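Nothing in this text is a laboratory measurement; each read-out follows from the coordinates by a stated rule. Computed from a predicted model, the values in this text were never measured in an experiment. Reconstructed Cβ throughout: ideal geometry from the backbone, glycine too, with neighbour counts over all protein chains shown.
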Amino acid sequence: MTTLLWKSAHPITRGKFMLQRSMSLYDHNHGFQEDAIKKKLQQFTGGSVSLSKEDDGIGTLTLNNTKFMNAFTGTMMIELQERISELENWKDGKGLIIHGAGNTFCSGSDLNAVRALSSPQDGMHMCMFMQNTLTRLMRLPLITVALVQGKALGGGAELTTACDFRLMVPESEIRFVHKQMGLVPGWGGAARLVHLLGSSLALKLLSGAVKVDPEMALCVGLAEAMLPTSDEGDCLQEARAWLKPYTDGPAEVIQAVKKVVSAGRELQLEVALRTEKKIFGTVWGGPANLQALAQRTKHK
């Protein structure tokens, strides 16, 4: 985004829409000290967040803390941020599947960390840290899919809303259980849920801590498909097959498509149009465009 365009954007819009990796929703101007909260999070170890990147441009991000239903420990929160930083710089990337090891997705935050960070200040800092991280996930120039096996509870349910699509398997569920913990979503899940489903349905799911099974998720538009199998290896292959039509093509084109959609979702119309123009300029006359013209590509 050019300096002129950025300066012409509405001040509120500039604060909300920051696609550059170096920018965050919160910084020291908001009282957020990232280094300080990361030091505290590092005390709560266990589990891992791994990333594999394939030659076809589809990556797989795996949450692995199976002893606690893949709940996020402090070190896992930091690793998630690190993996997203890596994905932001993946020039050949086109898609990403997020799933949990051991046939379950994620049960939210590790309760040991929640209890130890129970002061309002620590809670707010963890909230800002995870909002920053999941907003960067949402703005990745990749088409992202949450593969929901087993349970996606609390913060795990919030994580699914930061993805472009959600795929579920038989007997899986998405459930915002925050009310039962005396809380509300703090990782951006409520705001994203309103955008996905509208305020009335979002209010029902949050206030009722409603168990959303695949059938209900398909009915209300929270999930795109229910895969036929719950087997971990098989459903990963099914998810890759589901994602493939949307990631066919050169990486620069797929990434440009995601960027213009992100702009349209988050920016006011005038700024979104100008941003779309700028992104259009990065692919017009590019290798993929010239090849399609040379081959006289026909649309079937």
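Post the alpha-carbon centroid distance, the stretch 225-300 to the stretch 101-163, in whole angstrom. That distance is 25 Å.
Residues whose amide H comes within less than 5 Å of that of ASP27, counting only those at least five positions distant or on another chain, are PHE32 (H built at 1.01 Å from N in the peptide plane).
How far, in degrees from 0 to 90, does helix 251-266 lean away from the longest principal axis of the Cα atoms of the chain, to the nearest 10? Its long axis makes an angle of about 60 degrees.
Residue separation times 0.36 nm, minus the C-alpha to C-alpha distance between ASP92 and ALA191: what's the value? Spell out each step's value before the answer.
On the way: separation 99, 0.36 × 99 = 35.64 nm, distance 3.06 nm.
Using 0.36 nm per residue and subtracting the Cα-Cα distance, I get 32.6 nm.
Charging the Cβ of each Asp and Glu at -1 and of each Lys and Arg at +1, and nothing else, the dipole of the stretch 38-179 about its Cα centre rounds to 460 debye. Helix 269-283 and the longest principal axis of the C-alpha atoms of the chain enclose an angle of approximately 60°. Taking Cβ atoms as reference points and 13 Å as the exclusive limit, the residues near SER50 contribute a net charge of -1, counting Lys and Arg as +1 and Asp and Glu as -1. Helix 120-138 axis versus longest C-alpha principal axis of the chain: approximately 30°, rounded to the nearest ten.
Which net charge results when you count Lys and Arg as +1 and Asp and Glu as -1 among the other residues whose beta-carbon is under 14 Å from that of LEU236?
On the way: positive: ARG240, LYS244; negative: GLU54, ASP56, ASP231, GLU232, ASP234, GLU238.
Neighbourhood net charge equals -4.
Couplings for the stretch 171-176, taken from phi via the Karplus curve 6.51 cos²θ - 1.76 cosθ + 1.60 with θ = phi - 60°, read 6, 8, 8, 10, 8, 8 Hz in order; Gly and Pro are left as x. Karplus-based coupling profile of the stretch 63-74, in residue order and whole Hz: 8, 9, 8, 4, 4, 10, 6, 6, 4, 6, 7, x, with θ = phi - 60° in 6.51 cos²θ - 1.76 cosθ + 1.60 and x standing for Gly or Pro. Amide H to amide H, with H built 1.01 Å from N, ILE143 comes under 5 Å of GLY95, LEU96, counting only residues 5 or more places away or on other chains.
Which of the trypsin sites (Lys or Arg not before Pro) found in the stretch 170-264 are in a DSSP loop and have at most 16 neighbouring Cβ atoms, other than their own, within 10 Å?
Numbers: sites: ARG175, LYS179, ARG192, LYS204, LYS211, ARG240, LYS258, LYS259; in loops: LYS211.
Within the stretch 170-264, the qualifying trypsin sites (Lys or Arg not before Pro) (loop, at most 16 other Cβ atoms within 10 Å) are LYS211.
Global dimensions of the stretch 83-167 from alpha-carbon coordinates: Rg and Dmax equal 13.9, 42 Å.
Take the alpha carbon gyration tensor of the stretch 57-210, find the square roots of its eigenvalues, order them as a ≥ b ≥ c, and report rounded if a/c is under 1.5; if not, report prolate when a/b exceeds b/c, else oblate.
Details: a/c = 1.38, a/b = 1.20, b/c = 1.15.
It comes out rounded by the Cα gyration axes.
For trypsin sites (Lys or Arg not before Pro), the sites in the stretch 86-128 that DSSP calls loop and that have at most 12 other Cβ atoms within 10 Å are LYS91.
Return one quarter of the surface area of the convex hull spanned by the alpha-carbon atoms of the chain, equal to its mean projected area, in nm². Write out the running numbers ahead of the final one.
Working: hull surface 66.3 nm².
For the chain, averaging the hull's shadow over all directions gives 16.6 nm².
Amide H contacts for VAL148 (H built 1.01 Å from N in the peptide plane; partners 5 or more residues away or on another chain; cut-off under 5 Å): LEU167, MET168, VAL169. Projecting the Cα atoms of ALA202, LEU243, MET76 onto the charge dipole of the chain (Cβ charges, centred on the Cα centre) puts ALA202 farthest toward the positive pole.
Coupling constants for the stretch 289-296 follow from the phi torsions by the Karplus curve (6.51 cos²θ - 1.76 cosθ + 1.60, θ = phi - 60°), and in residue order they are 5, 5, 5, 4, 5, 5, 8, 6 Hz; glycine and proline get x. Length available on full extension from GLN42 to LYS179: 0.36 nm per residue minus the Cα-Cα distance, which gives 46.6 nm. Projecting label points 7 angstrom from Cα along Cα→Cβ for ASP27 and SER85 puts them 1.6 nm apart.
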